[in-house]
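Here's the structure we're looking at; comments come further down.
The values are calculated or read from the model by the stated rules, or taken from the named source; none is laboratory data. Bear in mind the structure is a predicted one, so any value in this text is a computation, not a measurement. Note that we place each Cβ from the backbone using ideal geometry, even for glycine, and neighbour counts take in every protein chain shown. Remember, those area values only see protein heavy atoms, side chains included, never the ligands or the DNA or RNA. Shrake-Rupley method; radii C 1.70, N 1.55, O 1.52, S 1.80 Å.
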Amino acid sequence: MMTSNAEKTAATADQPKPRKQPKKAKSLPAGSAAKSGEIAGKEEHVRGRFSISESDYALIAELKLVSKNGGRSVKKNELLGAGLRALKAMTSDELAKALTVPAPAKPRRASKKK
């Protein structure tokens, strides 16, 4: 008994696709910059969820545009990382002053799907 292409497609549609295995990092020689943590972008990333106000989101878009007009296109996560490093470099008084701007956005509750 021969199966048609439609039957094969229907049978495989129900099965989940196998995930691709992540590429293994290349090992570097001992004493290289990776050992001292000097290579950027090799840090492990953590995914998280947070809410920001529309005005802060618009500010991110504005900063991306300014950067692009300056000759370097940046991603949102690069701007956020640069902002965190700038905050870290501040004195405690400067940080307190920077944090006295608008109230933080209220977190949204995840909607329940039925």
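Within the set of pairs 6+ apart or on separate chains, which have a first residue in segment 81-102 that is within 20 Å of LEU59 (Cα to Cα), a second that is of a type in the set (A, V, I, L, M) and not in a helix (DSSP H, G or I), and C-beta atoms under 7 Å apart?
Filtered contacts from segment 81-102: ALA98/MET90.
Could you check segment 37-73 and list, in sequence order, the residues that are farther than 30 Å from ARG109 by Cα and open to solvent by less than 80 Å² (accessible area, probe 1.4 Å)?
GLY37, ILE39, GLY41, SER67, GLY70, GLY71
Which residues, counting only those in segment 65-81, are in a helix (DSSP H, G or I) and within 25 Å of ARG47 (Cβ to Cβ)? I'd like the intermediate steps shown before the answer.
From segment 65-81, those in a helix (DSSP H, G or I) are 65-69, 76-81; that's our starting set.
Once the filter is applied, which keeps residues that are in a helix (DSSP H, G or I) and within 25 Å of ARG47 (Cβ to Cβ), segment 65-81 yields SER67, LYS76, ASN77, GLU78, LEU79, LEU80, GLY81.
A quick yes/no check of all residues on (1) at pLDDT below 90; (2) at positive phi; (3) hydrophobic (A, V, I, L, M, F, W, C):
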position: THR3; (1), (2), (3): yes, no, no
position: ALA13; (1), (2), (3): yes, no, yes
position: PRO29; (1), (2), (3): yes, no, no
position: GLU43; (1), (2), (3): yes, no, no
position: VAL46; (1), (2), (3): yes, no, yes
position: ASP56; (1), (2), (3): yes, no, no
position: GLY83; (1), (2), (3): no, no, no
position: THR100; (1), (2), (3): yes, no, no
position: PRO104; (1), (2), (3): yes, no, no
